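Trainee: I have a structure here, written as structure tokens, and I will follow up with some questions on it.
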Amino acid sequence: MNQQLVDPAVAPTHDEIMGFHRKFITGVTIVTASDADGRPRGLALNAFSSVTVSPAMVLVCVNKTSSTHDVLFSSQTFAVNLLANDQLHVAKRFASKSDDKFSGLGWHTSEYGSPIIDGTCAHLEAEISMRVRTSTHTVFFGRVLTAQSIETPPLIYFGARFFDSEDLTELS
Ligand SMILES: Cc1cc2nc3c(=O)[nH]c(=O)nc-3n(C[C@H](O)[C@H](O)[C@H](O)COP(=O)(O)O)c2cc1C
């Protein structure tokens, strides 16, 4: 028989949970999709993961309160734009609630219909294969359709701060 291990009386506090998450270093992505009128939409997101490499599958977790959420939910595809180390301004813009986050930004629509942002260090596009609703977020699984990367180093997000990945010390 399955016994629930979660006991609210001894569950970790919000601070304890966030203490864990703040130690997890990630890149910063802008997840984008086109709305029904073909307008580009997107949000800054670090809840990205590779699921499998072969077949190539990724996932992103999007808060239901995000204005991009419903656009993604209705979309067949999404793009994951991985920010370069000189794109902090793009991260901040897409972490906002601005109405037109793409204004003045270089971008184009891919052959599969997703907005691709200029100047990133890598981007991929995926066909949504599964939408899993949790209490606060939807997890979108996608089969990778295209993937491209260049030598430019990525922007790093760690402990709620941004860093330049060119300043890393390699351990041996
Ligand atoms: C570094 C960083 C990572 C973020 N990661 C996520 C995430 O994984 N999922 C999410 O839903 N929001 C995430 N956010 C918050 C959204 O970007 C933010 O709520 C944004 O305003 C949503 O915009 P929208 O409502 O226009 O879609 C992140 C923000 C930052 C700065």
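Trainee: Exposed loop trypsin sites (Lys or Arg not before Pro) only (DSSP loop, at most 14 other Cβ atoms within 10 Å): please give the longest stretch of the chain free of them, not including the sites.
Mentor: 98-172
Trainee: For the stretch 7-33 and the stretch 123-172, what is the separation of their C-alpha centers, rounded to whole Å?
Mentor: When both Cα centres are located, 15 Å separates them.
Trainee: Another question, then. Determine, at each q value in 0.14, 0.20 (inverse angstroms), the log₁₀ of I(q)/I(0) that the Debye formula gives when each Cα of the chain is one equal point scatterer.
Mentor: For the chain, the Cα-only Debye profile gives -0.79, -1.42.
Trainee: Continuing with the same structure: Would you calculate the separation in nanometres between label points at Ser54 and Glu16, each defined as 7 Å from the Cα along the Cα-to-beta-carbon direction?
Mentor: The answer from the label model is 4.2 nm.
Trainee: Something else now. What is the extension gain from Asp86 to Leu171, computed as 0.36 nm multiplied by their sequence separation minus the C-alpha to C-alpha distance, in nm to one decimal?
Mentor: 28.2 nm
Trainee: Tell me which of Ala9, Gln148, Leu82 sits at the most positive position along the dipole axis of the chain, charges placed on C-beta atoms (Lys, Arg +1; Asp, Glu -1).
Mentor: So the residue furthest toward the plus end is Ala9.
Trainee: Let me ask something additional. Would you mind ranking Leu145, Leu45 so that the residue whose beta carbon has the fewest other beta carbons within 10 Å leads the list?
Mentor: Exposure proxy ranking, most exposed first: Leu145, Leu45.
Trainee: Same structure, new question: Under 11 Å from the Cβ of Trp107, count the other residues' Cβ atoms, weight Lys and Arg +1, Asp and Glu -1, and hand me the total.
Mentor: The answer is 0.
Trainee: Taking Lys97 as the anchor, which aspartates and glutamates have their alpha carbon closer than 17 Å to its alpha carbon, excluding any fewer than eight residues away along the same chain?
Mentor: Once the sequence-local aspartates and glutamates are set aside, what remains near Lys97 is Asp35, Asp70.
Trainee: Give me Glu170, Glu111 sorted ascending by neighbouring Cβ count inside 10 Å, so fewest comes first.
Mentor: With the sparsest Cβ surroundings first, the list reads Glu170, Glu111.
Trainee: Could you pull out the chymotrypsin sites (Phe, Trp or Tyr not before Pro) across the stretch 1-74 that fall in loop regions by DSSP (anything but H, G, I, E, B) with no more than 12 other Cβ atoms inside 10 Å?
Mentor: Those satisfying the criteria are Phe24.
Just so you know, all these numbers are worked out from the coordinates, no wet-lab data involved. The structure displayed is predicted, hence computed values, not measured ones. So basically every Cβ, Gly included, is an ideal-geometry build from the backbone, and we count neighbours across all protein chains shown.
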